[in-house]
Amino acid sequence: DMWEQIDEALGKHDVPNAAARLRRGSEEFFRTACDSLGAPVTYKLNGRWELGDFMPAAMSQYRKLLIQAKSAEQSWDHTDQFEALNELHSTARQVFARSNAEQWAVNVNVHYNTWTNFSGSDFRPVVETFQDLFGLFTCNGCGGMLRLARTGVKLTAVRCNCGKVNWNLSEKGKS
(Lines give C-alpha, C1' and ligand atoms only; values in the text may rest on other atoms or scores of the structure.)
Protein backbone atom coordinates (compact mmCIF):
# COMPACT_ATOMS: atom_id res chain seq x y z
CA ASP A 1 0.00 0.00 0.00
CA MET A 2 1.41 3.35 -1.07
CA TRP A 3 0.22 5.18 2.05
CA GLU A 4 1.84 2.59 4.35
CA GLN A 5 5.12 2.87 2.45
CA ILE A 6 4.99 6.67 2.72
CA ASP A 7 4.27 6.47 6.46
CA GLU A 8 7.15 4.02 6.87
CA ALA A 9 9.53 6.36 5.02
CA LEU A 10 8.38 9.33 7.11
CA GLY A 11 8.87 7.25 10.26
CA LYS A 12 12.50 6.80 9.19
CA HIS A 13 12.79 10.56 8.45
CA ASP A 14 13.31 9.68 4.76
CA VAL A 15 11.30 12.51 3.21
CA PRO A 16 12.82 12.16 -0.30
CA ASN A 17 11.66 8.51 -0.40
CA ALA A 18 8.20 9.46 0.84
CA ALA A 19 7.98 12.27 -1.73
CA ALA A 20 9.08 9.96 -4.55
CA ARG A 21 6.48 7.36 -3.57
CA LEU A 22 3.80 10.05 -3.35
CA ARG A 23 4.67 11.46 -6.75
CA ARG A 24 4.86 8.08 -8.49
CA GLY A 25 1.68 6.86 -6.82
CA SER A 26 -0.08 10.10 -7.72
CA GLU A 27 0.94 9.77 -11.36
CA GLU A 28 -0.51 6.25 -11.45
CA PHE A 29 -3.65 7.25 -9.54
CA PHE A 30 -4.46 10.30 -11.66
CA ARG A 31 -3.69 8.42 -14.87
CA THR A 32 -6.41 5.97 -13.85
CA ALA A 33 -8.73 8.79 -12.72
CA CYS A 34 -8.39 10.46 -16.13
CA ASP A 35 -9.31 7.21 -17.83
CA SER A 36 -12.24 6.49 -15.49
CA LEU A 37 -13.73 9.97 -15.80
CA GLY A 38 -12.91 10.56 -19.46
CA ALA A 39 -10.62 13.48 -18.70
CA PRO A 40 -8.88 14.87 -21.78
CA VAL A 41 -5.09 14.67 -21.50
CA THR A 42 -2.94 16.36 -24.13
CA TYR A 43 -1.37 13.80 -26.43
CA LYS A 44 2.43 13.54 -26.38
CA LEU A 45 4.17 11.75 -29.21
CA ASN A 46 6.93 10.61 -26.84
CA GLY A 47 4.35 9.09 -24.45
CA ARG A 48 5.94 10.79 -21.44
CA TRP A 49 3.04 11.97 -19.36
CA GLU A 50 3.64 13.22 -15.84
CA LEU A 51 1.68 14.26 -12.79
CA GLY A 52 1.39 17.77 -14.25
CA ASP A 53 -0.48 16.27 -17.22
CA PHE A 54 -2.81 13.95 -15.31
CA MET A 55 -3.70 15.72 -12.05
CA PRO A 56 -5.01 19.01 -13.50
CA ALA A 57 -6.93 17.11 -16.21
CA ALA A 58 -8.56 14.82 -13.64
CA MET A 59 -9.41 17.71 -11.32
CA SER A 60 -10.90 19.75 -14.16
CA GLN A 61 -13.03 16.84 -15.38
CA TYR A 62 -14.17 16.06 -11.82
CA ARG A 63 -15.26 19.68 -11.38
CA LYS A 64 -17.05 19.69 -14.76
CA LEU A 65 -18.94 16.45 -14.00
CA LEU A 66 -19.86 17.64 -10.51
CA ILE A 67 -21.31 20.87 -11.94
CA GLN A 68 -23.21 18.84 -14.54
CA ALA A 69 -24.59 16.55 -11.82
CA LYS A 70 -25.70 19.55 -9.76
CA SER A 71 -27.47 20.98 -12.79
CA ALA A 72 -29.19 17.65 -13.46
CA GLU A 73 -30.40 17.32 -9.86
CA GLN A 74 -31.67 20.89 -9.92
CA SER A 75 -33.60 20.20 -13.14
CA TRP A 76 -35.36 17.28 -11.45
CA ASP A 77 -36.05 19.33 -8.28
CA HIS A 78 -34.03 16.83 -6.23
CA THR A 79 -33.18 19.31 -3.49
CA ASP A 80 -31.48 16.85 -1.12
CA GLN A 81 -29.19 15.46 -3.82
CA PHE A 82 -28.44 18.97 -5.11
CA GLU A 83 -27.50 20.15 -1.61
CA ALA A 84 -25.28 17.10 -1.05
CA LEU A 85 -23.49 17.76 -4.35
CA ASN A 86 -23.22 21.46 -3.50
CA GLU A 87 -21.53 20.55 -0.21
CA LEU A 88 -19.21 18.15 -2.05
CA HIS A 89 -18.40 20.90 -4.55
CA SER A 90 -17.42 23.22 -1.70
CA THR A 91 -15.23 20.52 -0.15
CA ALA A 92 -13.63 19.73 -3.52
CA ARG A 93 -12.77 23.40 -4.06
CA GLN A 94 -11.00 23.50 -0.70
CA VAL A 95 -9.13 20.24 -1.30
CA PHE A 96 -8.11 21.31 -4.83
CA ALA A 97 -6.79 24.61 -3.49
CA ARG A 98 -4.80 22.85 -0.75
CA SER A 99 -3.35 20.33 -3.20
CA ASN A 100 -2.28 23.08 -5.59
CA ALA A 101 -0.60 24.89 -2.71
CA GLU A 102 1.19 21.75 -1.45
CA GLN A 103 2.27 20.27 -4.79
CA TRP A 104 5.57 22.16 -4.87
CA ALA A 105 6.69 20.35 -1.72
CA VAL A 106 6.58 17.00 -3.50
CA ASN A 107 8.91 18.11 -6.30
CA VAL A 108 11.49 19.84 -4.12
CA ASN A 109 11.77 16.73 -1.96
CA VAL A 110 12.07 14.32 -4.90
CA HIS A 111 14.91 16.23 -6.57
CA TYR A 112 18.20 17.13 -4.94
CA ASN A 113 18.65 20.72 -3.89
CA THR A 114 20.75 22.40 -1.23
CA TRP A 115 18.06 24.46 0.45
CA THR A 116 15.29 22.03 1.30
CA ASN A 117 15.33 20.34 4.65
CA PHE A 118 11.86 18.94 5.25
CA SER A 119 11.25 16.82 8.29
CA GLY A 120 8.65 14.07 8.43
CA SER A 121 6.33 16.38 10.34
CA ASP A 122 6.83 19.09 7.69
CA PHE A 123 5.87 16.68 4.91
CA ARG A 124 2.97 14.92 6.68
CA PRO A 125 0.44 17.73 5.86
CA VAL A 126 1.37 17.34 2.18
CA VAL A 127 0.62 13.62 2.38
CA GLU A 128 -2.68 14.29 4.17
CA THR A 129 -3.69 16.78 1.48
CA PHE A 130 -3.06 14.18 -1.22
CA GLN A 131 -5.02 11.58 0.76
CA ASP A 132 -7.95 14.00 0.86
CA LEU A 133 -7.55 14.62 -2.87
CA PHE A 134 -7.50 10.90 -3.70
CA GLY A 135 -10.59 10.53 -1.50
CA LEU A 136 -12.61 12.78 -3.80
CA PHE A 137 -12.03 10.36 -6.68
CA THR A 138 -12.87 7.18 -4.76
CA CYS A 139 -15.89 5.83 -2.91
CA ASN A 140 -15.48 5.73 0.85
CA GLY A 141 -17.74 2.65 0.89
CA CYS A 142 -16.10 0.27 -1.60
CA GLY A 143 -12.84 2.11 -2.27
CA GLY A 144 -13.56 1.96 -6.00
CA MET A 145 -12.53 4.71 -8.40
CA LEU A 146 -15.37 6.94 -9.57
CA ARG A 147 -16.15 6.25 -13.22
CA LEU A 148 -18.42 7.41 -16.00
CA ALA A 149 -21.51 5.40 -16.86
CA ARG A 150 -22.88 5.66 -20.38
CA THR A 151 -25.89 4.65 -22.35
CA GLY A 152 -24.47 4.36 -25.83
CA VAL A 153 -22.41 7.52 -26.21
CA LYS A 154 -24.50 9.56 -23.74
CA LEU A 155 -22.94 10.15 -20.33
CA THR A 156 -25.56 9.20 -17.76
CA ALA A 157 -23.83 9.12 -14.37
CA VAL A 158 -20.67 9.12 -12.29
CA ARG A 159 -20.64 5.97 -10.18
CA CYS A 160 -18.57 3.69 -8.03
CA ASN A 161 -18.69 -0.11 -7.93
CA CYS A 162 -21.06 -0.43 -4.96
CA GLY A 163 -23.48 2.31 -6.06
CA LYS A 164 -22.97 4.52 -2.99
CA VAL A 165 -21.74 7.25 -5.35
CA ASN A 166 -24.21 7.84 -8.16
CA TRP A 167 -24.27 11.33 -9.66
CA ASN A 168 -27.03 11.64 -12.20
CA LEU A 169 -25.84 13.56 -15.28
CA SER A 170 -29.13 13.51 -17.21
CA GLU A 171 -31.19 16.69 -17.04
CA LYS A 172 -34.96 16.61 -17.13
CA GLY A 173 -36.31 17.25 -20.60
CA LYS A 174 -32.99 16.56 -22.34
CA SER A 175 -32.43 13.30 -24.15
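The values are calculated or read from the model by the stated rules, or taken from the named source; none is laboratory data. Here the structure is a predicted model, which means the values were calculated and not measured. A quick note on method: Cβ atoms are made from the backbone with ideal geometry, for glycine too, and the neighbour counts reach across all protein chains shown. Only protein heavy atoms, including side chains, enter the accessible area calculation; ligands, DNA and RNA are left aside. Shrake-Rupley method; radii C 1.70, N 1.55, O 1.52, S 1.80 Å.
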| If residue 110 passes every condition in (1) without any contact (Cβ under 8 Å) to a residue 60 or more places away in the chain; (2) open to solvent by 30 Å² or more (accessible area, probe 1.4 Å) but one, which one does it miss? | (1)
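Look at residue 132 and say whether it is touching a helix residue (DSSP H, G or I) at 6+ places or on another chain (Cβ under 9 Å), open to solvent by 50 Å² or more (accessible area, probe 1.4 Å), assigned to a helix (DSSP H, G or I) and without any contact (Cβ under 8 Å) to a residue 40 or more places away in the chain.
On the way: touching a helix residue (DSSP H, G or I) at 6+ places or on another chain (Cβ under 9 Å): yes; open to solvent by 50 Å² or more (accessible area, probe 1.4 Å): yes; assigned to a helix (DSSP H, G or I): yes; without any contact (Cβ under 8 Å) to a residue 40 or more places away in the chain: yes.
Against the criterion (touching a helix residue (DSSP H, G or I) at 6+ places or on another chain (Cβ under 9 Å), open to solvent by 50 Å² or more (accessible area, probe 1.4 Å), assigned to a helix (DSSP H, G or I) and without any contact (Cβ under 8 Å) to a residue 40 or more places away in the chain), residue 132 qualifies.
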| Single condition residue 79 does not satisfy, out of (1) more than 27 Å from residue 165 (Cβ to Cβ); (2) over 22 Å from the mean Cα position of the chain (by Cα) | (1)
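Would you confirm whether any residue within segment 47-70 is among the β-branched types (Val, Ile, Thr) and either surrounded by 15 or more Cβ atoms within 10 Å (Cβ to Cβ) or assigned to a helix (DSSP H, G or I) (or both)? If you could, list the steps in order and put the result at the bottom.
Kept after step one, since they are among the β-branched types (Val, Ile, Thr), are these residues of segment 47-70: 67.
Checking which are either surrounded by 15 or more Cβ atoms within 10 Å (Cβ to Cβ) or assigned to a helix (DSSP H, G or I) (or both) leaves us with 67.
Checked segment 47-70: at least one residue is among the β-branched types (Val, Ile, Thr) and either surrounded by 15 or more Cβ atoms within 10 Å (Cβ to Cβ) or assigned to a helix (DSSP H, G or I) (or both).
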| request: Could you tell me whether segment 22-34 includes any residue that is among the hydroxyl-bearing types (Ser, Thr, Tyr) and open to solvent by less than 10 Å² (accessible area, probe 1.4 Å)? | output: yes
| Could you say whether any residue in segment 157-168 is in a strand (DSSP E or B) and open to solvent by 50 Å² or more (accessible area, probe 1.4 Å)? | yes
| note | When residue 100 is run through (1) closer than 20 Å to residue 121 by Cα; (2) under 13 Å from the mean Cα position of the chain (by Cα); (3) buried (at least 16 other Cβ atoms within 10 Å of the Cβ), the failure sits at (3)
| query | Considering segment 79-129 alone, what residues qualify as being of a type in the set (A, V, I, L, M, F, W, C) and not in a helix (DSSP H, G or I)? | reply | 115, 118
| message | Suppose we filter 118, 134 for residues that are of a type in the set (Phe, Trp, Tyr) and at pLDDT 95 or above; which single one remains? | response | 134
| field | Residues within segment 135-154 that are under 25 Å from residue 74 (Cα atoms), among the hydrophobic types (A, V, I, L, M, F, W, C) and open to solvent by 50 Å² or more (accessible area, probe 1.4 Å), tallied | value | 1
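Taking residue 117 as the residue in question, decide whether it is over 14 Å from the mean Cα position of the chain (by Cα) and crowded, with 18+ Cβ neighbours inside 10 Å.
In short, no.
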| task | Among residues belonging to segment 135-156 that are within 21 Å of residue 82 (Cα to Cα) and assigned to a loop (DSSP other than H, G, I, E, B), point out the one that is nearest to the chain's Cα centre (by Cα). | result | 137
